[in-house]
Structure formats: structure tokens, C-alpha cells
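Below is one structure, written out as C-alpha cells; comments come after it.
The values are calculated or read from the model by the stated rules, or taken from the named source; none is laboratory data. As the structure is a prediction and not an experimental result, all values here were calculated from the model. Here the Cβ positions follow ideal geometry from the backbone for every residue, glycine too, while neighbour counts run over all protein chains shown. In case anyone asks, the SASA skips ligands and DNA or RNA and just uses the protein heavy atoms, side chains included. Shrake-Rupley method; radii C 1.70, N 1.55, O 1.52, S 1.80 Å.
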Amino acid sequence: MLNPRIVKALVAAAVLCLASSLPPLQPSLHAQRPEITTPKQEFGFNIGDDYQLVNYVKAEAYLQKLASESDRMKLVSMGKTSEGRTQWMVIISSPENLKHLDHYRDIAHELATARDLTPEHKPLTDEQAHALAHEGKSIVWIDGGLHATEVVGAQQIVELIYEMNAKTDPETMRFLDDDILLAVFCNPDGMDLVSDWYNREPDPAKRKPSNTPRLWNHYAGHDDNRDFFMSNLAETTNMDRVLFRTWNPEIVYNHHQTGPPGTVIFVPPFRDPFNYHYDPLMIIDIDNVGMAIHQRFIEEGKPGSTMRSGATYSTWYNGGLRTSTYFHNTTGILTEIIGNPTPEPLPLIPAAQLAHNDLPFPVPPQTWHFMQSIVYEQTANRAILDYASRNRERMLYDTYHMGKNSILKGDEDSWTITPKRIAALEDAAKAEAATAHPAGAGRSRGGAGAAAPTGRGPAGVPADLYKTVLEDPAHRDPRGYILPSDQPDFPTATRFVDTLMKNGVTILQATSDFTVNGKHYPKNSYIVKADQAFRPQILDMFEPQDHPDDFKYPGGPPIPPYDVTGYNLSYQMGIQFDREYEAFDGPFAEITTDLAIPVPGTITGAAKPAGYLVSHAYNDSFTLTNRLLKAGCDVYWMKDTQTAEGKTLAAGALWIPASAKSRPIVETAVHDLGISAIGVAKAPHGEAYKQKTVRIGLADVYGGNMPSGWTRFILEHFEFPYEVVYPQAIDAGHLHDKYDVLIFPDGVLRLATTEAGRGGGGGGFNAQPKPETIPAEFRPWLGTYTKDKSVPALKEFAESGGAILTIGSSTSLGAALSLPVSDGLTELTASGTPRPLPPEKFYIPGSLLRAQVDNTNPLAYGLPSDLDVFFDRSPAFRLLPNAALDGVSAVSWYQGEKVLDSGWAWGQQYLNGTTAVVAANLGKGKVFLFGPEITFRGQPHGTFKFLFNGIAYGAATPTKL
């Protein structure tokens, strides 16, 4: 046994040695160009100095100065942000490369699409691809600031831009020769907000991180990194254009924080599961680039990088900036680092001090300074640039190779192996074994061609099952999709097509009627063929996700996925499409405009009509309604079905009396929005709901709630007027004097008993500040929705004629108002009391479920009789026996033991018979409970009408025409 004093000395020496290997508190510049203005010269401090943040306004001025000083840099506008700022991309390479940027961009685009630039887009040959890869340059995207409160990212990109313009060491010069760097500011609006909020304290030593008063992306907050397949936001659209339509980088490096506890930074490889649609090379490239970063950290004596099991990050979900790249054959890298301009402790976590495969070089506890994070980030940036430089030709060719594979798969029979197919294989093997060898005797389970058992593992199942099950023709991937133009809401199908186009997918449109596989399709239908380089994106948007069951151990708790598990837009948006499994063609032309132009609708019927009937199935019928109401025109919903010009319009059809004001509004909407109208000579008769301009109050909280932000986005897009309302205004009462409808999105209404409770957040993650510590303009936003004050005010509002819409967790208001509903997802304890189902029995972390709909109820007008709803740990209800007598009804419900359409739903059978959407009368008003997230991230257009109907029906006046 060693002497304790010797052990102590050895430990001290090891700590001293390790400390000496920690990164310096200043970036190392080596040789540099003196004509390039340094950050300290520009801002008065170094990037990474404690208690200092640069905002976007100052960064923008600095970029413009550097562009005038350096021949290595070009400043390019990507477009405007949500709040109107210019979103800049900085292109950095050698002066010679900058002279030929268009040429190198074209090479990257050809290789990414695996087709040439001719109008015919001919497939490249391997020889052409090798020649282009030899000539081309590695295109590397490095960004910062997507999540604005993760301040390291936005600051490090400023430092990177400076260093790449200033350094003259051999490695940097090699980077400039081999690489073209795209340095991108992801969230200029948030960078200004967060930096200014932190810097508002005049004494730097007193500055502390605190929750900004509103979302740091205008609409989405943290969800700005969940928008990349939908591309709702202006910033996302700007970035998607660069990523997938113009520059097509080989590597995308997306900076984030915070690092896992007890470590400095998470770097790939990622944990399972990965998505089953993309090329196997994709995972290998991710792992290789990630390992290059780890290796450089260790070589430079920078401990604390972890991987795989060190965090929850995976490659399953499509919607993030770096994850969306995988579906476009681009290597996406995420890192998550610690750091803050206010120094903070790096804690001692015992488990993080034991080295293992996923944490090879632990870091000792210490006070962590901002500059250390900046230095680490520059190491990671340079590792990326170095990898791209050393592997330039291979990465360029591999991009082509993956695209070529996708095109080939889309042009022949191919299969995607998912957990359901493996389960089918196992079931088939069991059935065959039970039929052929009931006593367990006879030939080996492996059958013909199977390996004999060795005692070292499973013997396998009959090999012929590979062809009959895994390559069952009934389960092959489609070769294309057709979206008929005569579907009930074709304008929404156009919006779906636009999301694909923003992601670089080629869309065809029929120039005349055509027939495929015996079915007739009208002119203007959309066609999406799968023989494209970005086939993984196509399949992931059309086909349902099949997430594996993922548990810590058999019978144990589920392992939470990094994000949602089922999300394909075709289901979320409720579009109608047909899968085609054989090669097909027709009178198709590629859409070459930036986005698909809505096909103008038609006005049929009477030449001089008394008015117009418009189907309620159009989401944009509400855009039309809002325009008409704004102009002072009358609009009605007809309660009964209407028949005109040989067409039957379901309950809820709009009746618009013709007038000098209404006629041009209808005509413009028909042309621009793509909806159709029927002119009728006589006004319809029967029961109706007269519409009015609705005074909408949209609930939010201090710091901003993301679902509320997305609801703002949706309301603005469909032209609903609204006002944001906070707890203090709710508690003040007299709400019916100001509002007709109040909306409480998911996460807003977390009812506390007293003011001590905290309302639902979403934009930031800190407690509410003391009023005296924030500017006076934001103090009215403070407060908490409580049972003591808020619920009585809301009850009075509804009883006096107001309508309240609650979504997701905010449906807890139903119980607070004593509505005759109960939690539908409970079990009884041994003592007979109900408790929530544990996750071992019921767990649905963001999936699409099939729900039934009573579309004769005004709350569901225009919806189909069944649809997909987004369920993310959402509530479900059971109506109490007295519900009908109290004016409470189920508008949508779950029916059957299997309701999962896309994603992961453990214990889905518990939903059978529960209610998804509840409509309740309360006094003169109404309360609506929407369990599913009907507006989730601005994506599920298929359920938007629940929101729109709730607004309009809640304020409508029953009448008789």
C-alpha cells in the first residue's frame, strides 16, 4: 500500500500537469495582418473577455469594416429577418478563390444534386463527378447564435471571421486555398436582444444572465431550431436557400450550448437511433468529422469533450439546422459547450472524472471563463476546416455518391428497413418455425444457406424470409407521389410543396389532365418523383416515421428522444396524395419559379350572383373572411349542407352576400389564394352563424411562451387581428369589455394557487425577475396565472358570453372551472385513487395519432371525419356522465387499440375511447379544450381549423336566413 503522503503528492502533480494543459485565456493568433482591425480595436475588448458581449448592430458594422480591409472576405446578404434586420453571411477564402466563387458554387451544386446544370439536369457520370471533385473546393458552413441565449455561438463567429482574415500561418493559408467558409449569423434579432439585455447593467462586474422579457426569436424562441423542414420563419428560409438551393456545403457546423454537466463540450458521434432514410455514408462522415474535433482537443491539451452517451442528442429528427442536412447528404455537426460572459463554476461530477470511451479526457473542476469557451470553439472550427481541407476531394465526391445512390433507389424497387419490418420478420420466422417444426425437431432455424449455430450467438432465421418479408413488394418505397389538384384544400397542398422546394426538392406540375395506373388526375396536380439526390428528404416528409421502442432496460422507463418522433408533413398538413410504386410519366413540367404559385381558383355559377358560396375546407377561407370583415362585409356560416352547380358543400360553407365591397375581395382571393367560389342567384335559407371581427386576446407570459409565439405567427399569416395579454390583465377582470375570445396555448396556463407560483415559460428558462430590476415597459408582463385570481376572472368572462380556447397543458383550466371532464390517462392505485399512467405503461413523446372528428359540430367545420393530430405528452379526457346535460360534448376522440400513424406510441391502447377535443357551454359563453397541439410549431395545417373555428364560432351570432 502506498504511503498516503506519496499518493497526495502524485495527485497534486497530476492536477498541476493537467492544469498546465488547459487552454490559455487568450486566442493564439501567431502571425497576423496588421491592417486588419482587431475586435479589441473595434469594440474596446477582446471577444471572450468576461462580462462583455457584442450585439448584432456592432458586429454588422465590424463586418463591413473587415470587408473593406481584407481581400479574403465577401459580405453577402441572405435576406431580411423577422424583425427586418439584414441577415449576413460572410464568405472567406483565398483571393483567387473569391474571384471564381460562382464557379465553385456551381460545382458544389452539381455534385450535391448529382446532375449537371443543363436545362435537362442530366445525371453526372462517375468520371464527371471525379473531375468536378478534383477541381472543386470544400464548402464549409460554420454558424453561431441560432439560440440567442447560448451566447458563445454568436460571439465565437465574430472571432472566427477576424482570425480567418488576420492569420497568416501555414495552416490558415491552406484552409483558405482548399476551403470556402460560409460564416453565418443565424439569429440577428436575438443577438441584439440578448446582448443588449445583458449589457444594460452599466457596471460590467454586476452583469448576470437573466431571462429576456420576450422570445429571442420573434415568433419561435428556442424552436427556431425546429423549423428547417417547414421553413416558416424568415431566417430559416434564408438559411435553407443557402444550404439546399445555392451553396450546398459539404459540412455544416452548428454551434450550441450548454455542455453536459462536469464536461466542457459535447461533440459527435451521436447516440442511436438514427433515421432510416439517409445514406449509410452519412453516419460515417458525421463520426469521422466528430472524431477529428475530439482528436484536436486532446492534441491541444483541452480536456472535457464527450460524445454519444454523454448527452441525449441523436440524428433522428429532421427539423433542426444540422439534422436537416443529413437528408440532403451533408455532414451536419452539432457541439454543445459551456460558457457565459459571467464566470461560472465547472462542477465536480464524480462520474465525469472516470475516463471511458465516450469521455476519454475528463476535465477538473474550476471557475470557467468566457475566453476558455471561445478558445475551445476556435479549436473545433479549425478542426472542421482542417478536415475539409485534408479530405476535400473525397468529401466532394462522397456528396455526389450519396446523391447518386438516392437517384438510383428512387428509380428502382427499394425498401427502407424499419423496426416494424424487423418485427414482421421475427413474426414470420416464429410462424414458419411453429408450422414446419411444431416439436422443435428437424432442420436448423437458419434453413438453406444459413450458418450453423456456433454457440456464440443467434443462429439466425430462414434466409428466404429476407426476400419474402424485408423485400415484400407490398412494402417497397414509392417511386413518386401525386398530389391531385382537385383535393378539398389544394392551396394547403401548395404550401406543402413550397416546403419541399425550400429544401431543394424538384417539383413537377401537370400541364394537362393525365392518367397514372388507371386513375385520372386533373391539370395542375403536383408530382414529386423520388429519383432525386434529396430523396431522403422526400421520403421523410411523405412517409410516417417508425421510431424504435427505446428503453433503459426491458420493462424499464423509456429513454426520452432528443426531440419529437413522428412529424412527416404530409400527415401534419392533411394533404391528399397517392403513392406510385412503378415508373410513371405524363405531361409534367418542372416548377422553375422560386416557389409554387398558387393555382387560381374559379368563380362559377350565376353571372350576376346574389352572393357566393365558399367551401369551409379551405384554411384560406378564414383569410378571405378576415378581409371581408375588415371591409365591413357580411359573412355567414351555413349550418346545413349546401348544393349549387352540381356540387355539395358540407356544413359550415361560407355565404357571402354580393356587394360593391365584397365582390372585388372575393375575386382577388380566388385568384391569389387559389380558393374557388360559386355564385348563386338567390341567397340560401336556413340556420347560420353570422361572423364578426373578433377581438382576440392571446395569452403569454414574461419571457415568452413558444406555442404562443407560433400562434402569433399563424394568426398573422391568416390575417386575424389579435392582442397579446398577460396575467395582470387577466386578473384585472372585465375581460369581456376588451375581448370576445381568449386563447391559452400549450404551456401558458400553469395554474398556481397563489402569486408565488410561476407561469408557463418557454422563451427562457429562468425565474421571473423582481419588477425593480427590469425596465418599466416590461413590468406589466410579469405575473402568474393563479386559481385565486385568474380562474374567477376567466369564469366571469365565459359566463358573460366570451369564448376561451385552451390547448395542451392549458386545458387544465377545464378542471379549474369544474367542467364535467376527467383525466383520461390514469390508473387506480391499490387504495382506489387515480394516478397518472407511469411512462413504463404510457409514453408518447411527440407523434401523430389518428383521431375521429364530428365535423357537424361548428368547432370542426371543414375538417374530415378522421385526421392526424400531434400528440406530445398531451392530455386526453373522459366525459363524466352529466356532460351532455351540462352542454359538454366530444368533438374529436381516439378510437381503437392502435391510433399511432407516425412516431412512437408506447401504450397507445390506453387512448381508446378517450376524448381529444371538448366543446363546453359555460353560461352565455364557451370553453374549448384541445388536448393535442393543434398549432405545433406552425406545422399541422391539417388541424389549424380547430383554432380558426374556435375563434370564429366562439364569437359568432346564431341567426336564420
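Is it the case, given these coordinates, that A658 is over 31 Å from the mean Cα position of the chain (by Cα), open to solvent by less than 10 Å² (accessible area, probe 1.4 Å) and in contact (Cβ under 8 Å) with a residue 40 or more places away in the chain?
Spelling it out, it is not the case that A658 is over 31 Å from the mean Cα position of the chain (by Cα), open to solvent by less than 10 Å² (accessible area, probe 1.4 Å) and in contact (Cβ under 8 Å) with a residue 40 or more places away in the chain.
Starting from region 61-74, take each residue that is in a loop (DSSP other than H, G, I, E, B) and list its partners that are open to solvent by 50 Å² or more (accessible area, probe 1.4 Å), counting only C-beta distances under 8 angstrom and pairs at least six apart or across chains.
Within 8 Å, the pairs are D71/P95; R72/P95.
For region 219-253, enumerate the residues that are within 23 Å of A380 (Cα to Cα) and either crowded, with 24+ Cβ neighbours inside 10 Å or touching a His at 6+ places or on another chain (Cβ under 7 Å) (or both).
Within region 219-253, N225, M239, L243, N248, P249, E250, I251, V252, Y253 meet the criteria.
Do you know which residues across region 253-286 are farther than 30 Å from P365 by Cβ and among the charged types (D, E, K, R)?
Passing the criteria: D272, D279, D285.
Is it fair to say D594 is open to solvent by 70 Å² or more (accessible area, probe 1.4 Å) and at pLDDT 95 or above?
Yes.
Checking the conditions here, which among K80, K74, K40 is open to solvent by 40 Å² or more (accessible area, probe 1.4 Å), within 23 Å of D169 (Cβ to Cβ) and within 32 Å of the chain's Cα centre (by Cα)?
Just a single option satisfies the conditions, and that option is K74.
Does region 415-432 hold any residues that are more than 31 Å from the chain's Cα centre (by Cα), farther than 13 Å from Y466 by Cα and surrounded by fewer than 16 Cβ atoms within 10 Å (Cβ to Cβ), and which are they?
Across region 415-432, the qualifying residues are K430, A431.
Does M307 satisfy the condition of being modelled with pLDDT of 95 or more and surrounded by fewer than 20 Cβ atoms within 10 Å (Cβ to Cβ)?
Here the answer is no, as M307 does not meet what is asked.
Give the residue that is nearest to D563 (Cα to Cα), with candidates limited to residues of region 889-918 that are among the hydrophobic types (A, V, I, L, M, F, W, C) and open to solvent by 40 Å² or more (accessible area, probe 1.4 Å).
W906
Among the residues of region 633-648, is there at least one that is touching a Leu at 6+ places or on another chain (Cβ under 8 Å), open to solvent by 40 Å² or more (accessible area, probe 1.4 Å) and β-branched (V, I, T)?
yes
Going by the conditions given, is K630 of a type in the set (K, R) and touching a residue at least 60 places away in the same chain (Cβ under 8 Å)? Don't jump to the end; show me each part of the working.
Values: of a type in the set (K, R): yes; touching a residue at least 60 places away in the same chain (Cβ under 8 Å): yes.
Yes.
Condition test on F297, is it at pLDDT 95 or above, touching a strand residue (DSSP E or B) at 6+ places or on another chain (Cβ under 7 Å) and in the same structural domain as H222 (by the TED database)? Step through it out loud before you land on a result.
Values: at pLDDT 95 or above: yes; touching a strand residue (DSSP E or B) at 6+ places or on another chain (Cβ under 7 Å): yes; in the same structural domain as H222 (by the TED database): yes.
So F297 passes the test.
Pick out the one residue from D498, D489, D531, D540 that is open to solvent by 10 Å² or more (accessible area, probe 1.4 Å) and under 18 Å from the mean Cα position of the chain (by Cα). Even if it seems obvious, please write down each step before you answer.
Numbers: D489 fails: under 18 Å from the mean Cα position of the chain (by Cα); D531 fails: under 18 Å from the mean Cα position of the chain (by Cα); D540 fails: open to solvent by 10 Å² or more (accessible area, probe 1.4 Å).
Matching residue, one of D498, D489, D531, D540: D498.
Restricting to region 151-203, and then to whatever is buried (at least 22 other Cβ atoms within 10 Å of the Cβ) and among the polar types (S, T, N, Q), can you tell me which residue is farthest from R390 (Cα to Cα)?
Here the residue is S195.
Take region 201-230 and flag every residue that is under 23 Å from Y313 (Cβ atoms) and in contact with a Lys or Arg (Cβ under 8 Å, 6 or more places away or on another chain).
If the condition is that a residue be under 23 Å from Y313 (Cβ atoms) and in contact with a Lys or Arg (Cβ under 8 Å, 6 or more places away or on another chain), then A220, D223, R226, D227, M230 are the ones that fit.
Is there a residue in region 552-568 that is in contact (Cβ under 8 Å) with a residue 24 or more places away in the chain, surrounded by 20 or more Cβ atoms within 10 Å (Cβ to Cβ), part of a helix (DSSP H, G or I) and not aromatic (F, W, Y)?
Looking through region 552-568, none of the residues is in contact (Cβ under 8 Å) with a residue 24 or more places away in the chain, surrounded by 20 or more Cβ atoms within 10 Å (Cβ to Cβ), part of a helix (DSSP H, G or I) and not aromatic (F, W, Y).
Any residue that is within 27 Å of D126 (Cα to Cα) and either in contact with a helix residue (DSSP H, G or I) (Cβ under 9 Å, 6 or more places away or on another chain) or open to solvent by 10 Å² or more (accessible area, probe 1.4 Å) (or both) - is there at least one of those in region 365-385?
yes
If I go through region 727-755 residue by residue, how many of them are modelled with pLDDT of 95 or more and either within 22 Å of Q768 (Cβ to Cβ) or surrounded by fewer than 20 Cβ atoms within 10 Å (Cβ to Cβ) (or both)?
Of all residues in region 727-755, those modelled with pLDDT of 95 or more come to 727-748.
Applying the additional criterion that residues be either within 22 Å of Q768 (Cβ to Cβ) or surrounded by fewer than 20 Cβ atoms within 10 Å (Cβ to Cβ) (or both) yields 727-734, 736-738, 742-748.
So the count comes out to 18.
Condition check ((1) free of Cβ contacts under 8 Å to residues at least 40 places away in the same chain; (2) open to solvent by less than 10 Å² (accessible area, probe 1.4 Å)) across all residues:
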residue: T335; (1), (2): no, yes
residue: T342; (1), (2): no, no
residue: P345; (1), (2): yes, no
residue: A355; (1), (2): yes, no
residue: P362; (1), (2): no, no
residue: Y387; (1), (2): no, no
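If you take the residues of region 894-949 that are in a strand (DSSP E or B) and of a type in the set (F, W, Y), which of them is farthest from the chain's Cα centre (by Cα)?
Ranking the qualifying residues of region 894-949, first place goes to F928.
Among L848, L794, L805, which is the only one that is open to solvent by less than 50 Å² (accessible area, probe 1.4 Å), out of contact with any Cys (no Cβ under 7 Å at 6 or more places or on another chain), modelled with pLDDT of 95 or more and not in a strand (DSSP E or B)?
After applying the criteria, what remains is L794.
Residues to consider are V528, V505; find the one that is closer than 20 Å to N329 by Cα and in a loop (DSSP other than H, G, I, E, B). I'd like the intermediate steps shown before the answer.
Working: V528 fails: in a loop (DSSP other than H, G, I, E, B).
None of the other options fit; the residue is V505.
Restricting to region 684-724, name every residue that is part of a strand (DSSP E or B), of a type in the set (A, V, I, L, M, F, W, C) and crowded, with 20+ Cβ neighbours inside 10 Å.
A688, I696, L698, A699
Being under 14 Å from L673 (Cβ atoms) and of a type outside the set (A, V, I, L, M, F, W, C) is the filter here; which residues of region 615-646 pass it?
S615, Y618, N619, D620, S621, T623, T625, N626, R627
The rows are residues; the columns are (1) assigned by the TED database to the domain that holds G938; (2) in contact with a strand residue (DSSP E or B) (Cβ under 6 Å, 6 or more places away or on another chain); (3) under 24 Å from R627 (Cβ atoms).
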| position | (1), (2), (3) |
| --- | --- |
| L649 | no, yes, yes |
| I678 | no, yes, yes |
| G686 | no, no, no |
| F718 | yes, no, yes |
